[in-house]
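This report refers to the structure that appears directly beneath it.
The values are calculated or read from the model by the stated rules, or taken from the named source; none is laboratory data. This structure is a prediction, so every number in the text was calculated from the model and none was measured. Cβ coordinates were reconstructed from backbone atoms using ideal geometry, including for glycine residues, and neighbour counts include every protein chain displayed. When the accessible area is computed, the model is the full protein with side chains, heavy atoms only, and any ligands, DNA or RNA have been set aside. Shrake-Rupley method; radii C 1.70, N 1.55, O 1.52, S 1.80 Å.
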Amino acid sequence: MRLRGRKGIREALETQAELIVLNPAAYKGKWKDVFGNYRPIHVELGMGKGRFISQLSSLNPEINYIGVDMYDELLRRAGEKAVQSREENGGTLANLRLALFNIEKIGDMFETDELERIYLNFSDPWPKKRHARRRLTYSAFVRKYIDILNDNGEIHFKTDSRSLFEFSLNSLADMGLRMRNISLDLHADGPRTDLVMTEYETKFYEQGMNIYRLEAVIGQAALERHLLSLERDIQENGE
Ligand SMILES: C[S@@+](CC[C@H](N)C(=O)[O-])C[C@H]1O[C@@H](n2cnc3c(N)ncnc32)[C@H](O)[C@@H]1O
């Protein structure tokens, strides 16, 4: 197999300017212009090889998706996957962008209120206590997410790491955030067909490992909808 050098990868990425964004900070506050519409924007932070974002964007053409990762080679692979998934399932790539960016600077890529949803899928667990600040659910990161999420904003988080999940539950709860759909074994009754699996998730699921999942409700409108649905459940099912 011929391995491409870094320069070769970059050149290959530059030829896909409609899908791959190498300077995403230039579009802060302007992502609606990039997509050419005002549809909601959902972002996966740390998309890896991009299967999740490719499939989701193919399934939901009415939502715009951005996959973010910091490695050229992963962007190249994700780009290939996106093209392949459209060839197999139909549809266009108009609602998908893949961005090369470091999540630590996510506030330089998106404006306040620009996003509707953030997916954190199998983020690096950083198990050593002295590395806790690098975990993507550490309060300093979450504060940035809260800023860029809008009134309908939510964070959807999945991991195979029990310690990262425990840390995240505490971190989000300490910030006073409402959580729902918390699962300690997401696929206990077989794979959840209503949710798209990521590359890491498939691998861990096949190894029989538990997948942990939660949703954090961030925006005021999202919170009000959630509280209303709880009330409705109580009325329908009794106390
Ligand atoms: C364990 S992988 C998970 C990939 C994918 N979400 C999945 O579930 O299959 C974590 C990904 O996050 C990316 N990542 C980690 N830290 C990052 C950062 N600071 N900025 C951008 N990407 C990052 C890594 O490059 C890697 O692709």
Quick one: what are the phi-derived ³J(HN,Hα) couplings along the stretch 228-233, Karplus 6.51/-1.76/1.60 with θ = phi - 60°, whole Hz, x for glycine and proline?
-> 4, 5, 5, 4, 4, 4
With the dipole of the chain defined by +1 on each Lys or Arg Cβ and -1 on each Asp or Glu Cβ, the option from T198, V83, P127 whose Cα lies farthest towards the positive pole is P127
Would you compute, from DSSP H runs of 4+ residues alone, the mean residue ellipticity of the chain at 222 nm, taking -39500 (n - 2.57) per run and dividing by the full residue count, rounded to the nearest 500?
-> -11500 deg cm²/dmol
Nearest-20 debye value, the stretch 6-237 charge dipole, Cβ charges on Lys, Arg, Asp, Glu = 860
Filter the trypsin sites (Lys or Arg not before Pro) in the stretch 48-139 down to the DSSP loop ones having no more than 14 other Cβ atoms within 10 Å, then list what survives.
-> K128
Output for the stretch 104-239 (equivalent-ellipsoid semi-axes, sqrt of 5λ from the C-alpha gyration tensor, Å, descending) is 23, 22, 14
Loop-located GluC sites (Glu not before Pro) in the stretch 1-93 whose Cβ has at most 12 other Cβ within 10 Å (DSSP) = E18, E62
With N set to the residue count of the stretch 1-133, report its C-alpha Rg divided by 2.2 N^0.38 Å to two decimal places.
-> 1.05
Computed P(r) (all Cα pairs; the chain; 5 Å bins; percent) = 1, 6, 13, 17, 19, 18, 13, 8, 3, 1, 0, 0, 0
For the stretch 6-237, whose charge dipole is built from +1 on Lys and Arg Cβ atoms and -1 on Asp and Glu Cβ atoms, the candidate among N181, L136, I148 with its Cα farthest towards the positive end is L136
Links that overshoot a 28 Å alpha carbon limit, given the list K30/K128; K144/K203; K7/K28; K81/K129 | K30/K128; K144/K203; K81/K129
Value of relative contact order over the stretch 6-237, rounded to a whole percent, pairs C-alpha under 8 Å and six or more apart = 19
log₁₀ of I(q)/I(0) at q = 0.15, 0.20 Å⁻¹ - the stretch 85-184, Debye sum with one point per alpha carbon | -0.70, -1.11
Excluding ligands, DNA and RNA, what is the solvent-accessible area per residue of the chain at a probe of 1.4 Å, expressed in Å²?
-> 55
Computed lengthening from E104 to L184, 0.36 nm per intervening residue step minus Cα-Cα distance | 26.0 nm
Please state, rounded to one decimal and in Å, the Kirkwood hydrodynamic radius that the stretch 139-216 gives when every pair of distinct Cα atoms enters the mean of 1/r.
-> 13.5
Contour minus end-to-end for R192 and E166, with contour as 0.36 nm per residue of separation and end-to-end as the Cα-Cα distance?
-> 7.1 nm
Enumerate the calculated ³J(HN,Hα) couplings along the stretch 72-86 in order (Karplus 6.51 cos²θ - 1.76 cosθ + 1.60, θ = phi - 60°), each rounded to whole Hz, writing x wherever the residue is Gly or Pro.
-> 3, 5, 5, 5, 4, 5, 4, x, 4, 4, 4, 5, 4, 5, 6
